[in-house]
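One structure is given below, encoded as structure tokens.
The values are calculated or read from the model by the stated rules, or taken from the named source; none is laboratory data. Please read all numbers here as calculations on a predicted model, not as lab measurements. We work out accessible area using only protein heavy atoms, side chains counted, and drop any ligands, DNA or RNA first. Shrake-Rupley method; radii C 1.70, N 1.55, O 1.52, S 1.80 Å.
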Amino acid sequence: MKSTIYQISDKNGIHARPAGVIVQCARRFSSDIALEANGKRADAKKLFSVMQLGVRCGDSVTLTAEGDDEDDAVQELYDTMRNAGL
């Protein structure tokens, strides 16, 4: 299992558009990928699951992947969130 922490800097947090970007990225990998924030866990491959986390600006999100491509999945998701301005 591979994990890292990402702090959200977007003033709107994770809303529909960035949640869609996260899901699109996560679906490219075979690993199970999850986001954890505020005591909740979400399947990163499911849009409503990600949005229900209620992540706001300043919140820390733990990105976790488990599977054959877990290292690449966590790095790519981290980079995607950073490039999206989250």
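A few comments on the model shown:
- Computed from Cα positions, the angle between helix 70-83 and the longest principal axis of the chain comes to roughly 30 degrees.
- Across the accessible surface of the chain, with the other protein chains kept in place and a 1.4 Å probe, carbon and sulfur atoms take up 43 percent.
- Helix 16-26 and the long axis of the chain differ in direction by around 10°, with both axes built from C-alpha atoms.
- Inverse mean reciprocal Cα-Cα distance (Kirkwood Rh) of the chain, Å: 12.2
- Inter-part distance where segment 24-70 and segment 3-23 are each reduced to a Cα centre, Å: 9
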